[in-house]
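The values are calculated or read from the model by the stated rules, or taken from the named source; none is laboratory data. On a predicted model such as this, the values are computed, not experimentally measured, just so you know. Here Cβ is always computed from backbone atoms with ideal geometry, including for glycine, and neighbour counts include all displayed protein chains.
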Amino acid sequence: MYMDIEEPELHISTSAVKVWRLSNTIGHGIGIFSIVVLLGLDYRFGWWSWISWVLYGLTVIVVLSAIYSIFVEPPLLQWTWRYGVNEEYVQLKHGALTRVHVLVPMTKVEYVKTNQGPLMRKFKLYNVEIGTMASSHSIPAVPEKEALALRAQIAQLAKIKDEE
Amino acid sequence: MKKRLHPFRVVLSIVKILKNLFFPAVFLFIFHSASEAQWVMIGRIGLFLYIAVSLIVSILTWWTYRYEFRERTLHVYSGILVKSERNMPVERIQNVQKHTSFLHKLLRMTSLTLETGTGGDEASVKLDMITFSEAARIECLLNQDEEEKHDERMVHFTVSRRELIKASFTSLSFFAIIPLLASFYFTIDDFFKLNGVTKDVIDYVMGALWVLAPISVVLLIVGAAAGVITTYLRYGNFEIASDEERIYLKKGVLNESFFTITKEKVQAVKLNQSLLKRWFGLVGVELISAGNVGEEEMETNSLYPFLPVKQAYTIVEELLPAYKIETDMDQLPRASLWMKLMRPSYVWLITTVSLIWWKPQFWYVSLVLLVLIFLTRILEFYNARYKMSDTFLQLKTGAFTTVLLVTSRQKIQEIEVKHSLLQRKWQLVSIKIANRGRPVHFSEMADLPVESAENIYNWYANRL
């Protein structure tokens, strides 16, 4: 432990890795598809040469980004994400190389809500979003039962009405 | 009893309409004064129609806009076709702003803005044309609970002429003359096609340096005078006063603003010092408040931009007795300097790569940029200070302009600490805190020693 502070203990769902891999694959797939279409058009109509260079550059960036966000990032993120809730505050921690700790006092919590996309619904996962006057923080990929309990718990501790 | 704004409200609308139509009118009636073209005629008819319709709308708007105070709540009724009613409980009103523009002054009227702490369009009510006695009546209504305290208002600062002149020099407002002159020149040039003449004049002046010197001196004097005048108009009559619960600010000569802020709503105090202000020993004081401050009067939030440093500290402590500004603050360890210097600069990388790619002959720009970036970082290191006391946190950051933020544990909304691989190697941590405000105010301090960051985090976590 690098800093001598109380650290949160709870993990997020291990299915998060699958969900993130899938969604990042879809996202990058669309990106690569668009570039291929543009390259085809470029080849067919003979656009200015700088456009080809930009497209080749983009391809390299998208491929590198795909490798990182499909193979490297999801397990790292899942492995390092921790959260904790008690009467006093909500604590979040994430990141492998750069580690981030966030501390939000319960009295400053304005709202708490859960949301899920179609992929997350398939794996019965929820994002739990905690909002303050200043900003909002999202705990990603929490299993359904825990997420709903967490939402109720934070709402109760922060003395706010439950929000869908 | 429901009240309307003063009928002069319509005059205000008319002035606004005419102001907006000034350029189209000049275009249609002066530039094309002799034109009989159909579109010019249509444009002119349209212009008159627009004026007529806006006039009717503004009269109806004035007629339908009514307000009243009933059961300690402000009710506002408005809308010509779609009627709406707004209720604003008096307890919710945080700040009161009185603004008397030049036009208001001519008409012997004023405007009052009542602000609640919430966000959105509905956050404030502006009564934009009322008599001074009506304004006084409303202010009295709002302060009913603490009427007797009203007399104990204490004046902390009034601006003197000498200070105003000093202020006008540090604000560099005399350089404002340059763009003004330039735009003036280009406008004339466009209209009268001076191309040939001005070129001759410039050639002549360039040829004779002895003419150039007096011209620049005159320009400088005119610029300085303009600076002094604008500063005087903005900050003349400046006064800071307070009683037990509120702070009162007054400023402006032609456009007068009067601003009230509730003390407990002050989230943080910010002291800004530009390079010039540091040389003159002046500091700008800003109060970060949760209330919604109207856009144009945003700067009223800043207490006074040119206070002498010592006086600034005492005024802040007088205004907000809970605040105590420590002058003896901690410095960053040497390792943070290395950390700051080691951090990759994306601006430099992108500039250098683009230079190599497109304009390799300008390679030295990259070198100059690098030196500038390093200089900024070194200054950032030397200026950085921090201090934590029982209830307060002070952070001082910035390279050329420094910002000292003082806030209490209660007013900090959240804290974020982070450390990268390299920072861990050098035992450093960056912290970021958030304060309420519009917009939300974030303060960041990079590369604190790990023990100090731990202290700050735990200090915040063990809140009462």
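Here the range A:56-81 is the region considered, the condition is being within 16 Å of the chain's Cα centre (by Cα) and within 14 Å of chain B (Cβ to nearest Cβ), and the residue that is nearest to A:I139 (Cα to Cα) is A:T80. Scanning the range B:380-408 for residues that are part of a strand (DSSP E or B) and among the β-branched types (V, I, T) returns B:T397, B:T402, B:V403, B:V406, B:T407. Starting from residues that are β-branched (V, I, T) and in contact with a helix residue (DSSP H, G or I) (Cβ under 9 Å, 6 or more places away or on another chain), keep the ones in the range A:31-58 and report whichever is farthest from A:I70 (Cα to Cα). Checked the range A:31-58; the qualifying residue farthest from A:I70 (Cα to Cα) is A:I51.
Considering B:T407, B:T401, the condition of being more than 10 Å from chain A (Cβ to nearest Cβ), surrounded by 16 or more Cβ atoms within 10 Å (Cβ to Cβ) and touching a strand residue (DSSP E or B) at 6+ places or on another chain (Cβ under 9 Å) is satisfied by B:T407 alone. Checked against the criterion of being within 15 Å of A:V104 (Cα to Cα), β-branched (V, I, T) and more than 9 Å from chain A (Cβ to nearest Cβ), the candidates B:I431, B:I415 yield just one match: B:I431. Within this structure, B:K2 passes the test of being farther than 18 Å from B:F102 by Cα and either modelled with pLDDT of 85 or more or surrounded by 10 or more Cβ atoms within 10 Å (Cβ to Cβ) (or both). Specify which of the listed residues (A:K113, A:K108) is surrounded by 15 or more Cβ atoms within 10 Å (Cβ to Cβ), more than 9 Å from chain B (Cβ to nearest Cβ), more than 14 Å from the chain's Cα centre (by Cα) and at pLDDT below 90. When all the criteria are applied, what remains is A:K113.
Of all the listed residues (A:A134, A:A147, A:A158, A:A96), the sole one being modelled with pLDDT of 90 or more and either over 23 Å from B:V440 (Cα atoms) or among the small types (G, A, S) (or both) is A:A147. Taking the range A:4-93 as the region of interest, the helices (runs of 4 or more DSSP H) fully inside it that hold 1 or more residues being surrounded by 13 or more Cβ atoms within 10 Å (Cβ to Cβ) and of a type in the set (D, E) are A:15-45, A:73-80. Every listed requirement among (1) surrounded by 15 or more Cβ atoms within 10 Å (Cβ to Cβ); (2) more than 26 Å from B:V450 (Cβ to Cβ) is met by B:A335 save one, (2). For the range A:116-142, give me each residue that is surrounded by fewer than 16 Cβ atoms within 10 Å (Cβ to Cβ) and away from chain B (no Cβ under 11 Å). A:G117, A:P118, A:L119, A:R121, A:K122, A:K124, A:S138, listed by residue number. Tell me yes or no: at least one residue of the range B:13-24 is exposed (fewer than 14 other Cβ atoms within 10 Å of the Cβ), aromatic (F, W, Y) and modelled with pLDDT under 90. Within the range B:13-24 (the criterion being exposed (fewer than 14 other Cβ atoms within 10 Å of the Cβ), aromatic (F, W, Y) and modelled with pLDDT under 90), the answer is yes, since at least one residue qualifies.
Of all residue pairs spaced 6 or more apart or on separate chains, those with beta-carbon atoms under 6 Å, a first member in the range A:1-29 that is within 14 Å of chain B (Cβ to nearest Cβ) and a second member that is part of a helix (DSSP H, G or I) and among the hydroxyl-bearing types (S, T, Y) are A:I5/B:Y457. Keeping to the range A:129-154, report how many residues are closer than 29 Å to B:K411 by Cβ, part of a strand (DSSP E or B) and either acidic (D, E) or in contact (Cβ under 8 Å) with a residue 60 or more places away in the chain (or both). Count: 2.
Name the residue that is modelled with the highest pLDDT, counting only residues in the range B:230-261 that are more than 19 Å from the chain's Cα centre (by Cα) and surrounded by fewer than 20 Cβ atoms within 10 Å (Cβ to Cβ). Out of the qualifying residues, it is B:A241. Looking only at the range B:348-379, residues that are surrounded by fewer than 14 Cβ atoms within 10 Å (Cβ to Cβ) and closer than 17 Å to B:A399 by Cα come to 3 in all. Applying the criterion of being without any contact (Cβ under 8 Å) to a residue 60 or more places away in the chain and assigned to a helix (DSSP H, G or I) to the residues of the range B:329-348, the residue that is farthest from the chain's Cα centre (by Cα) is B:R334.
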